[in-house]
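J.: Please read through the structure below; I'll follow up with questions.
The values are calculated or read from the model by the stated rules, or taken from the named source; none is laboratory data. Just so we're clear, the structure is a prediction, and the values are computed from it rather than from any experiment. Cβ coordinates were reconstructed from backbone atoms using ideal geometry, including for glycine residues, and neighbour counts include every protein chain displayed.
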Amino acid sequence: MDLVKRLKAAYDICCGSEKINENERNHIHFYLAIRSIVFKLTKGEAPDTAQMNAKLRTMINEALQSDGVEEIFKLGNEEGGEIDIFNDDYIAKIEMIKLPNTKIKLLQKLLSQAIGELKK
C-alpha cells in the first residue's frame, strides 16, 4: 500500500512526460486500481497476506459451489426423433437453461452435428 502510494505521488509529478510509454502507464494504473480496491475493502487498513489469502480461498470456494445439475443431453430427445434446433419449442427449452456457457456449448454441439449431417 505504501509503495503504490509513493508510486502515485511520483506518477502525478511526471504523468505528462513523453518518456513514460503506454505499457508503463498501464502497469501504473493497474497497481493504482488494485490499491484502490484493497483500500475500499479494508477501509484504509491494509490486511496482512494471511487475511487476504483466507478471504480469497473463501471467495473461490463460494464461486465453485454447485447449484445443481442440469441434464442437457436429454434435451429434445424425449420423443426419440430428430432435433430441430430452429424449432420454437426447442429454443424455449434452451432458454430455460440458466447457465449461459452451458447454452453456448449445447448450441455449438448441435450446430456441429447439423453441419455434419449436411456434409453427408
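To keep it simple, each residue is scored yes or no on (1) under 25 Å from the mean Cα position of the chain (by Cα); (2) polar (S, T, N, Q).
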site: Leu3; (1), (2): no, no
site: Lys8; (1), (2): no, no
site: Ile13; (1), (2): no, no
site: Ile20; (1), (2): no, no
site: Glu24; (1), (2): no, no
site: Leu32; (1), (2): yes, no
site: Arg35; (1), (2): yes, no
site: Thr42; (1), (2): yes, yes
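J.: Moving on. Name the one entry in Arg25, Arg57, Arg35, Arg6 that is in a helix (DSSP H, G or I), touching a residue at least 12 places away in the same chain (Cβ under 8 Å) and either surrounded by 10 or more Cβ atoms within 10 Å (Cβ to Cβ) or of a type outside the set (Gly, Ala, Ser) (or both).
T.: Answer to the check: Arg35.
J.: Can you name the residue in the range 9-18 that is part of a helix (DSSP H, G or I) and of a type outside the set (A, V, I, L, M) and, of all such residues, is surrounded by the most Cβ atoms within 10 Å (Cβ to Cβ)?
T.: This residue is Tyr11.
J.: Same structure, new question: Here are the criteria: (1) small (Gly, Ala, Ser); (2) more than 30 Å from Ala63 (Cβ to Cβ); (3) at pLDDT 75 or above. Tell me which single one Ser112 does not satisfy.
T.: (2)
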